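So the structure is just underneath, and the comments pick up after that.
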Amino acid sequence: MTKKLLVRLAALFAFVLLISAAVIYFTFDIRALEYLTMFDLQCVLLALGCLALGLTFDGLRLMTLADVTDEKLPVRQVANVVLSNYFLALVTPGASGGAIAQIMFMKKAGVPVAKATVVVLVRTIMSIFFLILLVPVVLQSDSDISRWMPPSVITTVSVLFTSLPVIAFFLMRTKYPEQWLYICTAKFSYDTRRNCFIWYKEFKHAFVVMGQHPFRVLKAFLESGVSLLCIYATVPAFFTGLNIDFDLLQVMGRMVLLNLVLYFSPTPGGSGIAEAGFVVLFSNILPNGLDGIMAVLWRFTAEYLPFLLGAFVSVRAFGANVLAMTNLGRDKE
């Protein structure tokens, strides 16, 4: 491996280890040992099964969206695209490498960069919109959240989140977003402004593509939802191993809220923010001292395990200079 890649991986490993140790140290309680001794290891297999199912539906979504653009992806390349996203997203600033990794693997499979960019963008949009649509349900059904949030606020937030996808769809059919972008970027540098408009054009083109194939896009949207929920289900799978009583819908709802926030996290893969958010959301559900351990276990299963698999396929496909993908990915055909 190149020195740059080794340094980046070492820094990431140290950061993750530090975060995990700190979370466990500051939340651990000696009484947690009693639950850990009764921990059913079969739940680990259940959690891994949920993860595998989630990644499978993620791959099916990718194949469906590729079909929307009249492209076909072999199963091997689909697996590479899905896993490489986890790897490059964690080792690049702002998770920017995740999208580029997907584009590069699709390019390697013969998909033009323009089409690959649309597919990657639509995948991200679908995931965020799916979570946004679930927010009103979570706010209305979780009594603990509604206890400290007034009903009027919940109603307002619910209406806002439900309306956002519809508003965005119709706005993309007008010239208003482009005019607003022109005004907002007036004082930016030429390169920054140019990149903003390139991103906007790709975003708008993605909406056009979705509008042309509503049924296949709906299929991909449902696959997206199933994929996310299966991956989130690793958490209640681990809770099952503790032999504690918990509300499955409440746990899944809080995972929806947490992961929606992580989409906008500035840290690599949401490290630090994910663990802290997990402790805040699940401290009143789990016995004392277990919230930090469960946070680390969830992160390792749902994020770091796919990261390791993604590192293997990425380095195998592009060599030790895989980080150069973040530069190559900006070139357009």
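Every read-out reported here was derived from the displayed coordinates using simple, explicitly stated rules and does not represent laboratory data. All figures in this text were calculated on a predicted structure; none of them were measured in a lab. Cβ sites come from the backbone with ideal geometry, for glycine too, and all protein chains shown count toward neighbours.
Kindly provide the helix-only [θ] at 222 nm of the chain, computed as the sum of -39,500 (n - 2.57) over DSSP H runs of four or more divided by all residues, to the nearest 500 deg cm²/dmol?
Numbers: 17 runs with 255 residues, N = 333.
Taking each H run of at least 4 residues, the total per residue is -25000 deg cm²/dmol.
How would SER20, SER189, SER84 line up from fewest to most surrounding beta-carbon atoms within 10 angstrom?
On the way: SER20 21, SER189 9, SER84 30.
In order of increasing Cβ crowding within 10 Å: SER189, SER20, SER84.
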Worksheet item: Out of region 253-300, which chymotrypsin sites (Phe, Trp or Tyr not before Pro) are coil in DSSP terms and have no more than 10 other C-beta atoms within 10 Å?
Response: PHE264
Fill in: Helical segments meeting 15 Å axial Cα length and Kyte-Doolittle 1.6 threshold in the chain (DSSP H)
3-27, 113-141, 151-171, 248-262, 305-318
Worksheet item: If the limit is 26 Å between Cα atoms, which of LYS72/LYS175; LYS107/LYS201; LYS107/LYS219; LYS72/LYS204; LYS72/LYS219 go over it?
Response: LYS72/LYS175
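Within 10 Å of each residue's Cβ, count the other Cβ atoms and sort LEU258, LEU290 from fewest upward.
Arranged by neighbour count, lowest to highest, LEU258, LEU290 become LEU258, LEU290.
Arrange VAL166, VAL157, VAL119 by Cβ neighbour counts within 10 Å, fewest through most, would you? Walk me through the numbers before you get to the answer.
Details: VAL166 9, VAL157 15, VAL119 27.
Listing VAL166, VAL157, VAL119 from fewest to most nearby Cβ atoms yields VAL166, VAL157, VAL119.
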Fill in: For region 273-314, the fraction of alpha-carbon pairs in successive 10 Å shells from zero, as %
30, 42, 20, 8
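Loop only per DSSP, at most 12 neighbouring Cβ atoms within 10 Å: give me the trypsin sites (Lys or Arg not before Pro) in region 215-281, ordered by residue number. Provide the component values of the computation, followed by the final result.
Details: sites: ARG216, LYS219, ARG254; in loops: none.
In loop regions of region 215-281 (DSSP not H, G, I, E or B), there are no sparsely surrounded trypsin sites (Lys or Arg not before Pro).
For the chain, count all C-alpha to C-alpha pairs, find those more than 24 Å apart, and express that count as a whole percent of the total.
Tail fraction, whole percent: 59.
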